[in-house]
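These notes concern the structure reproduced below.
The values are calculated or read from the model by the stated rules, or taken from the named source; none is laboratory data. Only a predicted model underlies this, so the values are computations on that prediction, with no experimental measurement involved. Cβ atoms come from the backbone with ideal geometry, glycine included; neighbour counts cover every protein chain shown. For the accessible areas, the whole protein counts, side chains as well, though only heavy atoms, and no ligand, DNA or RNA atoms are used. Shrake-Rupley method; radii C 1.70, N 1.55, O 1.52, S 1.80 Å.
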Protein chains: 4
Amino acid sequence: MKQNDQLQVNALSDVEHLKVHGRTTGCLTPLTLFWTGSAIEFNVKGSELWIEVEADYDVYEPWISIVINSVPVSRQMLTAGKYWICVFRGMNNSVVKNVRIVKDVQAMSGDPDCSLQIHAVKVDGEFLPVADKPYKIEFIGDSITSGEGTIGAQAEEDWIPMWFSAIHNYTAMTAAALNADYRVISQSGWGVLTSWDNNPQGNIPEYYEQVCGLLNGTKNEALGALEEHHFDTWQPDVVVVNLGTNDGGAFHSPEWEDSLTGEIHKQRLNDDGTFHKDDIQAFEDATEKFLMKLRKNNKNAHIVWAYGMLGIPMMPAIYRAVDAYTKKTGDKNISVVQLPNMTEETVGSRSHPGVLAHEQTAKELAAYLKDILTR
Amino acid sequence: MKQNDQLQVNALSDVEHLKVHGRTTGCLTPLTLFWTGSAIEFNVKGSELWIEVEADYDVYEPWISIVINSVPVSRQMLTAGKYWICVFRGMNNSVVKNVRIVKDVQAMSGDPDCSLQIHAVKVDGEFLPVADKPYKIEFIGDSITSGEGTIGAQAEEDWIPMWFSAIHNYTAMTAAALNADYRVISQSGWGVLTSWDNNPQGNIPEYYEQVCGLLNGTKNEALGALEEHHFDTWQPDVVVVNLGTNDGGAFHSPEWEDSLTGEIHKQRLNDDGTFHKDDIQAFEDATEKFLMKLRKNNKNAHIVWAYGMLGIPMMPAIYRAVDAYTKKTGDKNISVVQLPNMTEETVGSRSHPGVLAHEQTAKELAAYLKDILTR
Amino acid sequence: MKQNDQLQVNALSDVEHLKVHGRTTGCLTPLTLFWTGSAIEFNVKGSELWIEVEADYDVYEPWISIVINSVPVSRQMLTAGKYWICVFRGMNNSVVKNVRIVKDVQAMSGDPDCSLQIHAVKVDGEFLPVADKPYKIEFIGDSITSGEGTIGAQAEEDWIPMWFSAIHNYTAMTAAALNADYRVISQSGWGVLTSWDNNPQGNIPEYYEQVCGLLNGTKNEALGALEEHHFDTWQPDVVVVNLGTNDGGAFHSPEWEDSLTGEIHKQRLNDDGTFHKDDIQAFEDATEKFLMKLRKNNKNAHIVWAYGMLGIPMMPAIYRAVDAYTKKTGDKNISVVQLPNMTEETVGSRSHPGVLAHEQTAKELAAYLKDILTR
Amino acid sequence: MKQNDQLQVNALSDVEHLKVHGRTTGCLTPLTLFWTGSAIEFNVKGSELWIEVEADYDVYEPWISIVINSVPVSRQMLTAGKYWICVFRGMNNSVVKNVRIVKDVQAMSGDPDCSLQIHAVKVDGEFLPVADKPYKIEFIGDSITSGEGTIGAQAEEDWIPMWFSAIHNYTAMTAAALNADYRVISQSGWGVLTSWDNNPQGNIPEYYEQVCGLLNGTKNEALGALEEHHFDTWQPDVVVVNLGTNDGGAFHSPEWEDSLTGEIHKQRLNDDGTFHKDDIQAFEDATEKFLMKLRKNNKNAHIVWAYGMLGIPMMPAIYRAVDAYTKKTGDKNISVVQLPNMTEETVGSRSHPGVLAHEQTAKELAAYLKDILTR
């Protein structure tokens, strides 16, 4: 093998022009990527580029996708260790390439050891500035927003990182259609009030103000996951909340018992199959409260509750909660929109929306957001 | 990181149930994959699978795609060295997974150092038999058949392995639609008589009877690339020849001069832009001769000359050559079919047919071959 | 021209097997078709079929479509007069043809002289029974449901019958997808509370219990349009209400003044562009009241408010009204669903949803209703 | 009914601005439309337009489609008689409408009594000039080109005019895509040498130089159908010949016996299912001769033999015939192109290509012709 003698190693913190996507602590020595869709982006003039990554996990390994000039070219599992990955080689060194290395899997609340870090880059050329896009969008969601099921055969049933994708995902597609930078806050199985299995700790709102507060363990704490997020560093134009699917599921799941306290939680159905009045109200209260928290931290963003890719049983409650919020606050910079339901033709793996469902959602959501962003 | 203590290493030659795709020497210690679309395939019952690869190159690095239960899940560049790659982990160990690791780049006649080998596998379960599919198809072609341009942005111009794909390729799609095993013999820029730049050595027929005779250098010779291919080990039901595009291009390219002998070759145009009679006849003669060679080695296969994804200037000559062949031999188990032309909407990178063009071709070609295979 | 001597004239009332679609008075001497999508349907064994129609109008002429074996084959304007129309001729007289002659234009509240009647049929064979379909659906709506804009170039601006269609219409498509009989109650520009121009008489609910009460003039009265409709003769499984678009438009239109009384009506906007509290409440009250009327007459039907093909500004009010209705009545056999918004690609003539928009709506609505009908 | 007092009758010959499509005798008193796709076209400024037609037939009645501003709005059977048809009414009289009334059925060689004439127009406004389009295309073909099977359910089997369409037809679609005027010469079942049933009189070439010479009977003769066509009045840029499908079918059909002379004709197959050498040569000779005739009458047109919508068994013979023609004449302004084969998804009624097949063909053919027209 011929060595490329021109390659020079730079610590990430020494790279002049670098764009980080996704909530991080701001630290670059090294950079820890927590959320799905978080990424580093470069404009590189050179023939060859490498990045030094460090991955670890107990159960769920990280995956990355490499996107060159807006097109995905590689996707790979990152096994444990610290090593160099070649992003490209043999290219025309006088042409600028836009490169994005994207975390392709959600933050893993179920694996305290899971981490993905980037230490350094190696290049035989130079980095040029990466401009911000005209809009910023924050997506908040569950497994749908984590892209669970967008990779793999329909028959797949294992809950593993391989079936997740940040790329074949309505978040990335919607942002691309609108020429927007974006961030994702998401966790499979979680909701506004509880997770799908009635666990009240599986709620996104509680952790919304931390960098990545739903992660556990001392390692994540040391990495800064539990730090307060500084909202002033990145104010979105739109916040899209795609939650409620698991809150709806909880009504049909067995009760959850806290193994420590013995406390029990269950969202109840009436005998006729409708939602118990108190429990649906609890969801509405949680939604209203979450809206308060979103508004507190995102003063000027239009908030869109976007729901419906796996049915719309919670839609009346969502509309009521948004109504109640608006009545109390007078805030009208908020709306609700129904997303297209998954069909037999658009289902992916693990009975989740597949890439066709994400494409359809992105098309409709981007059209809806375009009206809002340009009015 | 938690270690999986159940993993056991097996040399590839010790794996009982293993299916190799593509022309090879038959050697498994290690297995060398030469052609694009060549692969190893397993049915694995286990939770975790690794393969040990060895890659090398001077210029053009190999890439692989991993296909699980018929769906591509990973695609990565293989940098130089000998190392383990994790195919999957964390899966249900009682379920059988079909796994195919596919060479995603063509044999590289321009880089004598380029090689891809597989030494061993590591698994915590067992391998089960992989059945043959009901049909066998051999595809012979040029850059189109090598999948050049099926990955990457339209703006890409570098000639590098990254823009090639064996997966987003009409060969793989056609075979899948027909439930067929398949092999690919292809080289970018090459033709029946000469390559696009009039080099008479850039012709596929000359090397058709070797394992991968168009490779150069002592290493490839040692790997067995120049060995005679044993056609009796794999007799296709259909041979699809997608050649002629570069032979047509040669008429519009400058003459080629042999740097050693000073010999010059040029396919000439008349003043009115039509093909010079002698030179188009030389193409027809080469085509006829190639058909003889194909028939000699594939006694019962239906031969289909399938041409047209980048225009049809050579079609009359192809029809004439096939007519001449049939007249001389009486062989009627041969036909010509026009493939759909690439359009502005279906172009990929490097001005080559993109994935949409390959999908359209696969749809039409599979329908055409289905009639032949089932009549 | 060769005469077909076998043709025999039958008054419609003498035809043994005949199916009438759409609300009518029940009279067959002759049959008056009022609503768009209303039709007569035959199963005919014979080579040739004619119908005797009578059309009149002052401004807006009727149109019909002829549908044979579920495929539209003819569409024509019916100029004033009483005359015979040939439905088909020259067909195999031993084969049964399913034939539907469909009124392709809405009831015309703006033209008291507009009428379409069918007097007789002429056939050289026999009529066979027409079975009912397994489901019945009633659609209630405005111009969208009347199919305004589904025919004609995008540039068309005239408000004329030619641009309406009952066939290229989500109502017909949804019913076909669900194998359902269906009826349509619709009027361009009308709403739940007022029409698009704030006219409080342009509301569908007021006329819902009559055969076709929104028609005017002594002729229509004589034809029975103002008679009470007998709901027990046709009880739908689902009532789809696609209203609200014009109620929303009224907020953006000038006030309406009653030319007789001088009474003024105007749905008001606040200075910040949001809906005036009292006026949106008036819409919600009207919606709630309409739901009461729908339930009174359709005891077992699932009621679906389906809205959104031209934006969703009224959706929060619709959800509130349905909530209020459910709270008061305990009736939970009702839901709201958002229809896909028209886009630049799916717009038809007169800035209305085109046939592509109707197809998309039908696909999503049929999937939604299928869940309801089969649970 | 309110009368429009402004309407004024004009004999067609008195209309200043009028465009006639399709081969005719030039006579306007009245105008006889022979071929499918033939038409009259107006640019009308007025609110209302009528045309006076006269139709007759013994077996096969004529149909027309009305196209307004390039969009089909009406399609109807024309029963026997002379009468007025309303094209539009109630439109804005200050806006210019482009109107085309199109014969929707082929010339009927099997019904000497079939005729369609246009005598006069009635309008309340004025006619403006209709410009020629930049290109002219002539299509020559059989049932495919006559649009047989593009209307109606797949189950339809009757051979009747209702299932034909000039509008849902690759000819109209291709011309529209290229912004071209076009004419069609076509007859179901006919070929270059014989019809599908081996009748040597069912060949298009013999009648190519007459206005519509394949029609029979004294009436057609009186109407001028047998007159010599004046090619200098309309010279196409491209002649598309879509023939060969019935010539291929003849090999698989029983022999034909001339009822008068007892003469027998049969295109024979060899025992192995291949074409008899002499009979396929007869087809090639006929093709070559037809090319001579086409070139004689269309000096500058590019001739394209476009074949393949129902399989490609005759393609080698077509290529040979074109080669032979080119060798003899030196004429290189000719090419062959394969059209996409009909599939299960694109089949229409009567086992013929449906509208989806015509759309696919039009897309590919238009792209092919665009290259030729713009090079």
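Output, in nm with one decimal and in ascending order, the distances from the D:Ser13 label point to the matching label points of the other copies (7 Å from Cα along Cα-to-Cβ).
5.2, 9.7, 9.8
Compare each residue of segment D:88-106 in its chain alone against the assembly with all protein chains, and report those whose accessible area goes down by 40 Å² or more; 1.4 Å probe, heavy atoms.
Those are D:Arg89, D:Met91, which lose 40 Å² or more relative to the chain on its own.
Kindly identify segment C:43-167 as rounded, prolate or oblate by the Cα gyration tensor criterion: order the square roots of the eigenvalues as a ≥ b ≥ c, call it rounded if a/c is under 1.5, otherwise compare a/b with b/c, prolate if a/b is larger, else oblate.
prolate
Write down the Å³ per residue value for the convex hull defined by the alpha carbon atoms of segment D:135-374.
140
Please report, in debye to the nearest 20, how large the charge dipole of chain A is about its Cα centre when each Lys and Arg carries +1 at its beta carbon and each Asp and Glu carries -1 there. Intermediate results must be reported in sequence, preceding the final value.
Values: 31 positive and 50 negative charges, 297 e Å.
Here chain A has a charge dipole of around 1420 debye.
Quick check of the Kirkwood formula: for the protein assembly as shown, what is the inverse mean of 1/r over all pairs of different Cα atoms, in Å?
By the Kirkwood definition, the hydrodynamic radius is 36.4 Å.
For segment C:160-250, what is Rg from Cα atoms divided by 2.2 N^0.38 Å, rounded to two decimals?
1.19
If r is the Cβ-Cβ distance from B:Ala176 to B:Lys327 and R0 is 41 Å, what FRET efficiency results, to the nearest 0.05?
Here the calculated transfer efficiency is 0.70.
Roughly what would the spin-label model give for C:Ser253 and A:Asn4, points 7 Å off Cα along C-beta, in nm?
The two pseudo-label positions are separated by 6.6 nm.
Taking all protein chains in place and a 1.4 Å probe, what share, in percent, of the accessible surface of the protein assembly as shown do carbon and sulfur account for? All intermediate terms of the calculation are to be shown ahead of the outcome.
On the way: 27290 of 56730 Å².
Solvent-exposed carbon and sulfur of the protein assembly as shown make up 48 percent of the total.
Could you give the Stokes-Einstein D for segment D:136-203 in µm² per second, using the C-alpha Kirkwood radius, 20 °C, 1.002 mPa s? Mind dumping the intermediate values first?
Numbers: Rh = 12.9 Å.
Estimated diffusion coefficient is 167 µm²/s.
Report the FRET efficiency, 1/(1 + (r/R0)^6), for D:Ala131 and C:Asp132, where r is their Cβ-Cβ distance and R0 is 51 Å, rounded to 0.05.
After rounding to 0.05, the efficiency reads 0.40.
For the rotation bringing C onto B, which C residue has its Cβ nearest the axis, and at how many Å?
In chain C, the Cβ lying nearest the symmetry axis toward B is C:Glu345, 7.
With Cβ to Cβ distances under 13 Å as the rule, what net charge do the other residues near D:Gly141 carry (K, R +1; D, E -1)?
Details: positive: D:Arg183; negative: D:Glu138, D:Asp142, D:Glu148, D:Asp247.
That sum, taken over residues with Cβ under 13 Å, equals -3.
Sum -39500 (n - 2.57) across every DSSP H segment of at least 4 residues in chain A, then divide by the residue count to get the 222 nm mean residue ellipticity, nearest 500.
After summing the helix terms and dividing by residue count, I get -6500 deg cm²/dmol.
What's the average, rounded to a whole number, of partner chain beta-carbon atoms within 10 Å of each residue's beta-carbon in A:151-163?
5
Farthest toward the dipole's positive end in segment A:8-128, which of A:Ala55, A:Asn93, A:Ile118, given Cβ charges of +1 (Lys, Arg) and -1 (Asp, Glu) about the Cα centre?
It is A:Asn93.
Taking the simple approach of a point 7 Å from Cα along Cα-to-Cβ for both D:Ala155 and C:Gln235, what is their distance in nm?
3.1
Number of Lys pairs in segment D:8-128 with C-alpha atoms less than 20 angstrom apart, excluding same-chain neighbours closer than eight positions?
Count of close lysine pairs: 10.
Nearest 100 Å² is fine: how much accessible area is buried between A and C, summed over both sides, with a 1.4 Å probe?
1500
Using alpha-carbon positions, what is the distance between the centroids of segment C:198-224 and segment B:1-63, in Å?
So the separation of the two Cα centres works out to 77 Å.
Would you mind listing the distances between the A:Glu54 label point and the same position in each other copy? Use 7 Å along Cα-to-C-beta, nm, one decimal, shortest first.
3.2, 9.3, 9.6
For segment B:167-179, take each phi angle, set θ = phi - 60°, evaluate the Karplus expression 6.51 cos²θ - 1.76 cosθ + 1.60, and give the result in whole Hz per residue in order, putting x for glycine and proline.
Running phi through 6.51 cos²θ - 1.76 cosθ + 1.60 with θ = phi - 60° gives 9, 7, 9, 4, 5, 5, 5, 5, 4, 5, 4, 9, 6 Hz.
Leaving out ligands and nucleic acids, and using a 1.4 Å probe, what accessible area per residue does segment C:135-374 come to in Å²?
Dividing the accessible area of segment C:135-374 by its residue count gives 39 Å².
Among C:Leu226, C:Trp159, C:Val238, pick out the residue whose Cα is farthest towards the positive end of the charge dipole of chain C, where Lys and Arg carry +1 and Asp and Glu carry -1 on C-beta, about the Cα centre.
Result: C:Val238, furthest along the dipole toward the positive end.
If I take the Cα coordinates of segment C:255-310 and project them onto the principal axes, what are the three extents in Å, biggest first?
Taking the Cα atoms of segment C:255-310, the three principal extents are 41, 33, 21 Å.
Which distance in nm do the two modelled labels at C:Ala222 and C:Glu54 give, with both placed 7 Å along the Cα-to-Cβ direction?
Here the modelled spin labels are 0.9 nm apart.
Would you please calculate the Kirkwood hydrodynamic radius of segment B:228-268 over all C-alpha pairs and express it in Å, rounded to one decimal?
On the way: mean 1/r = 0.0736 Å⁻¹.
It works out to 13.6 Å.
Write out the chymotrypsin sites (Phe, Trp or Tyr not before Pro) in segment B:175-226 meeting two conditions: DSSP loop, and at most 12 other Cβ atoms within 10 Å of their Cβ.
Answer by residue number: there is no such site.
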